[in-house]
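Written out below as structure tokens is the structure these notes cover.
The values are calculated or read from the model by the stated rules, or taken from the named source; none is laboratory data. Model, not experiment: these values are computed from the prediction. With ideal geometry, Cβ positions are generated from the backbone for all residues, glycine too; neighbour counts draw on all protein chains shown.
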Amino acid sequence: MLRVAVAVPLPGLFDYLPPKNGGVPQRGQRVQVRFGHRQLVGLVMAVGHGSRFPRSKLQHVGEAIDPIEQRVGEALLALLEWCSRYYKHAIGEVVFGALPPDFRKPTSRWPDPPTELSITGEGCERLAQPPGRARAQHRLLAALEHGPMPAPELLAAAETGRPSLAALIEAGWATEQPARPRRRDPSEGPVLTAEQGQVLDAIRAAGEGFACHLIDGVTGSGKTEVYLRLVQDHLAAGQQVLVLVPEIGLTPQLLRRFETRLGVAPRVFHSGLSAGERMATWAAAARREAQLFVGTRSALFLPLTKAGLLVMDESHDPSFKQQDGFRYAARDVAVKRAHDLDIPIVLGTATPSLETLHNARAGRYHQHRLVTRATGASPPAIRVVDLRTRRTEAGLCPDALAAIGETLARGEQALVFLNRRGYAPVLLCHECGWHARCRQCDANLTWHRAGRVLVCHHCEARERAPDVCPDCRADALQGAGEGTEQLEQALGRLFSGTPVYRVDRDAVRRKGELESLVETVRSGEPCLLVGTQMLAKGHHFPKVTLVVVVNIDQALYSADFRALERMGQMLVQVAGRAGRAQAPGTVILQTHHPDHDALRTLVEEGYPAFAGNQLDERRLAGLPPFAFQAVLRADAPDREPVRAFLQAARQAWQGRGMSLHGPFPAMMEKRAGRVRWYLLAQSEERPILQRALDNWLDAVRRLPTARQVRWAIDVDPQEF
Ligand code: ADP
Ligand code: ZN
Ligand code: ZN
């Protein structure tokens, strides 16, 4: 009897009989199974005896799809089982959500390990003779004369095909063997600053076993330089290293820096790669063909078989939380994985999340500080400008415009940050007050003027922008508020002659576009950059000396208790783009609330003081990280079944250990045509919450109303 995980949203494993013929597949091997009327790929999780069902009801699985050496390893399986228990998510969806997408296809296989060819002694002799009729083979030998080459490169160089190569090997003139990873001499990094040296020494001194190190270093303080040295240690020891970066951080710039400094090209893993490429990286990790892996959230589950170190850069970044399907917090799972592997993990950031700071204060993480910029540049000065007393043009006040003018006049660059795409967030009729709403969401449509469309940024619905008001027919439609498209236009008009580059998802779509733009900016000509968070993170623009933050006011009085924390992180990250080289940087922050307490603390005293205050407030309010939460979300086309289900779910819990609050409508009640509500479960102790959730969910699953809605549990939720 086999217990098999299948990619369906049902809890638990499914019982099957071993294949009719052939051996019994082992834990971690893939098999084909019949599930209802479908043929699916399952992963064997246990091989045992009894079943709750009579044998006659059970079906046979197909033979193991992959050879035994390619089974999913024990350490990873145990981690996935833990994830399923902790996040209360169906094991089949956890397993197939974590493995590369090709695992669901019965025909997909690991690619063959890369090989390379080298010339033999006889081959050298043959090369010394005239080619005669074997001209293609002669070219192959000539290409191999200077060293081994992978087959695809060799064939390209000799302009010939596989058959001539096969003949070459047959004749004993060349041999094919597993490729050795290509290494170049690593380039030497800068001499570390005293601060960097201390952090590096402290982390090295903590040893090989599990420890969680937080490198809490201001932007440009040289955190990456410290990771590089640590990574180097572990590569030299023959171990594997995984570096996790935010979705937006996986730039060719970063990869090149790793490659030149370490002498090996990192293997990358992220959702932008093809299924085949992801399978190849997976196989490379399992077969130890490579040591260094860099990837986004999903790379966390790569099958490292000789791991020595995990690094998570920008560890506060929201993209580390998976927000749908198998919802997990990659930072927490990474720490768990490092713990299970008994290896160190390094979390780096200039703006640690409050959870991370709390863990550091509690002594669970070692906190290492870098308080000065590595290049010696001074931190940017932030100037708060009161929008209530100033007129604006395209959202920019005269102070900001003047500062931009001066910056350009000095031959430097300025960056204008606004986290809102499009021309205007609202299209409004000045006669009757009509404004464009999304039919599917509780949201306004954003006006994209250049494309003459209205777009919903929540469900992607689009429609043609009307020329006159659809309600009163007046020719009085105007945009209200600003988006990046409008800023780009206005700046182009006000500073004609200076190139303006817009960086957001609309302007920068194709692969490589952002990269070439970044190169242009780094080349140093005076220019203006306008953009969203795409621009705010990770980039190093030596010539940017001014950053203008157009608007952060929405976050100041949000109902989301995490809004201020995120605003603070974003502001510090954007400000960190200014003055990274020698020239000092300035940040202009426009706001209608210059006296907001938290904002003032952030500006006047910096992120640590700001975060400290936020933590105090969370403690007083009994909110995370001083309490543990889970959210039961439900949605359906209509409100009634959603509320009825959540009411019933609430009543299904009379036990102790957690309090239930709600049902509440989600921050955006209607989205993509579905009405969304939630129940909030909270407890002061994590294990108690875990147990209570298990008991509660057993009851919730049995509710008749559960079948009328789509529902999901989100443990440690980040949004509501
Ligand atoms: P962070 O990761 O903290 O943002 P980086 O490691 O990217 O910082 O360093 C910021 C800049 O400072 C980079 O251009 C880097 O090359 C440079 N840098 C880092 N460490 C040193 C050092 N010890 N001496 C000189 N320059 C350094
Ligand atoms: Zn009107
Ligand atoms: Zn919408």
Quiz prompt | Qualifying strands (runs of 3 or more DSSP E) (wholly inside region 538-642; at least 3 residues being under 25 Å from the mean Cα position of the chain (by Cα) and under 25 Å from Gln682 (Cα atoms)) | solution = 628-636
Quiz item: Of the residues in region 431-443, how many are more than 16 Å from ligand 2 (Cβ to nearest atom) and of a type in the set (A, V, I, L, M, F, W, C)?
Solution: 3
Quiz item: In region 444-498, what count of residues is obtained for those that are in contact with a Leu (Cβ under 7 Å, 6 or more places away or on another chain), in contact (Cβ under 8 Å) with a residue 40 or more places away in the chain and within 16 Å of ligand 2 (Cβ to nearest atom)?
Solution: 5
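Table: residues versus (1) assigned to a loop (DSSP other than H, G, I, E, B); (2) out of contact with any Asp or Glu (no Cβ under 8 Å at 6 or more places or on another chain); (3) within 16 Å of ligand 3 (Cβ to nearest atom); (4) assigned by TED's automatic domain parsing to the domain that holds Ala507.
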position: Val416; (1), (2), (3), (4): no, yes, no, yes
position: Trp447; (1), (2), (3), (4): no, yes, yes, no
position: His457; (1), (2), (3), (4): yes, yes, yes, no
position: Val468; (1), (2), (3), (4): yes, no, no, no
position: Arg473; (1), (2), (3), (4): yes, yes, no, no
position: Leu491; (1), (2), (3), (4): no, yes, no, yes
Quiz item: Filter region 191-225 for residues that are free of Cβ contacts under 8 Å to residues at least 60 places away in the same chain and near ligand 1 (Cβ under 9 Å from one of its atoms); which is surrounded by the most Cβ atoms within 10 Å (Cβ to Cβ)?
Solution: Leu192
Quiz item: Can you find even one residue in region 501-522 that is at pLDDT 90 or above and closer than 26 Å to Arg390 by Cα?
Solution: yes
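This table checks each residue for (1) over 26 Å from the mean Cα position of the chain (by Cα); (2) in the same structural domain as Gly217 (by TED's automatic domain parsing); (3) at pLDDT 95 or above; (4) surrounded by fewer than 20 Cβ atoms within 10 Å (Cβ to Cβ).
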site: Leu341; (1), (2), (3), (4): no, yes, yes, yes
site: Pro344; (1), (2), (3), (4): no, yes, yes, no
site: Leu347; (1), (2), (3), (4): no, yes, yes, no
site: Ser353; (1), (2), (3), (4): no, yes, yes, no
site: Leu357; (1), (2), (3), (4): no, yes, yes, no
site: Tyr365; (1), (2), (3), (4): no, yes, yes, no
site: Thr375; (1), (2), (3), (4): yes, no, no, yes
Quiz item: When you go through (1) surrounded by fewer than 19 Cβ atoms within 10 Å (Cβ to Cβ); (2) hydrophobic (A, V, I, L, M, F, W, C); (3) at pLDDT 95 or above; (4) not in a helix (DSSP H, G or I) one by one for Trp82, which number turns out not to apply?
Solution: (4)
Quiz item: How do the strands (runs of 3 or more DSSP E) wholly within region 209-299 filter down when requiring 1 or more residues that are closer than 24 Å to Pro114 by Cβ: which remain?
Solution: 240-244, 267-269, 292-295
Quiz prompt | Selection status of Gly585, at pLDDT below 90 and out of contact with any strand residue (DSSP E or B) (no Cβ under 7 Å at 6 or more places or on another chain) | solution = no
Quiz item: Taking region 161-195 as the search range and keeping residues that are acidic (Asp, Glu) and under 30 Å from Thr224 (Cα atoms), which one is farthest from ligand 2 (Cβ to nearest atom)?
Solution: Asp185
Self-check item: Checklist (1) of a type outside the set (Lys, Arg); (2) closer than 18 Å to Ala98 by Cβ; (3) assigned to a loop (DSSP other than H, G, I, E, B) applied to Gly23, failing item
Solution: (2)
Exercise. Evaluate region 99-108: report whether one residue or more is within 30 Å of Trp696 (Cβ to Cβ), surrounded by 20 or more Cβ atoms within 10 Å (Cβ to Cβ) and either aliphatic (A, V, I, L, M) or touching a Leu at 6+ places or on another chain (Cβ under 8 Å) (or both).
Key: yes
Practice problem: Kindly provide the set of residues from region 427-441 that are assigned to a loop (DSSP other than H, G, I, E, B) and among the basic types (Lys, Arg), ordered by number. | Solution: Arg439
Practice problem: Return yes or no: is Val455 at pLDDT below 95 and among the β-branched types (Val, Ile, Thr)? | Solution: no
Practice problem: Could you list, in sequence order, all residues of region 673-692 that are outside any strand (DSSP E or B), of a type in the set (Gly, Ala, Ser) and surrounded by 15 or more Cβ atoms within 10 Å (Cβ to Cβ)? | Solution: Ala692
Quiz item: Regarding Ala424, is this residue out of contact with any His (no Cβ under 7 Å at 6 or more places or on another chain) and free of Cβ contacts under 8 Å to residues at least 12 places away in the same chain?
Solution: no
Quiz item: Which condition breaks for Asp475 when tested against (1) within 25 Å of the chain's Cα centre (by Cα); (2) surrounded by fewer than 20 Cβ atoms within 10 Å (Cβ to Cβ)?
Solution: (1)
Quiz item: If a residue has to be in a strand (DSSP E or B) and in contact with a Lys or Arg (Cβ under 8 Å, 6 or more places away or on another chain) to count, how many in region 302-317 make the cut?
Solution: 2
Quiz prompt | Of all residues in region 493-523 being among the hydrophobic types (A, V, I, L, M, F, W, C), assigned to a loop (DSSP other than H, G, I, E, B) and within 23 Å of the chain's Cα centre (by Cα), the one that is farthest from ligand 1 (Cβ to nearest atom) | solution = Ala507
Practice problem: Output the number of residues of region 283-329 satisfying the condition of being in contact (Cβ under 8 Å) with a residue 40 or more places away in the chain and farther than 29 Å from Ala350 by Cβ. | Solution: 12
Practice problem: Return the residue satisfying two criteria in turn: it lies in region 148-205 and is β-branched (Val, Ile, Thr) and either in contact with a Gly (Cβ under 6 Å, 6 or more places away or on another chain) or in a helix (DSSP H, G or I) (or both), and of such residues it is farthest from Thr120 (Cα to Cα). | Solution: Val199
Quiz item: What do you reckon, is Leu255 out of contact with any helix residue (DSSP H, G or I) (no Cβ under 8 Å at 6 or more places or on another chain), surrounded by fewer than 18 Cβ atoms within 10 Å (Cβ to Cβ) and under 21 Å from Thr349 (Cα atoms)?
Solution: yes
Quiz item: Which condition number does Met667 fail, the rest of (1) at pLDDT 95 or above; (2) closer than 30 Å to Ala598 by Cβ being met?
Solution: (1)
Quiz prompt | Candidate set from region 121-137 (those that are in contact with a helix residue (DSSP H, G or I) (Cβ under 7 Å, 6 or more places away or on another chain) and not charged (D, E, K, R)); member that is surrounded by the fewest Cβ atoms within 10 Å (Cβ to Cβ) | solution = Pro131
Exercise. Go through (1) in a strand (DSSP E or B); (2) within 27 Å of Ala350 (Cβ to Cβ) and name the single condition Gly662 misses.
Key: (2)
Quiz item: Of Ala465, Ala450, Ala424, which residue is out of contact with any helix residue (DSSP H, G or I) (no Cβ under 8 Å at 6 or more places or on another chain) and of a type in the set (Gly, Ala, Ser)?
Solution: Ala465
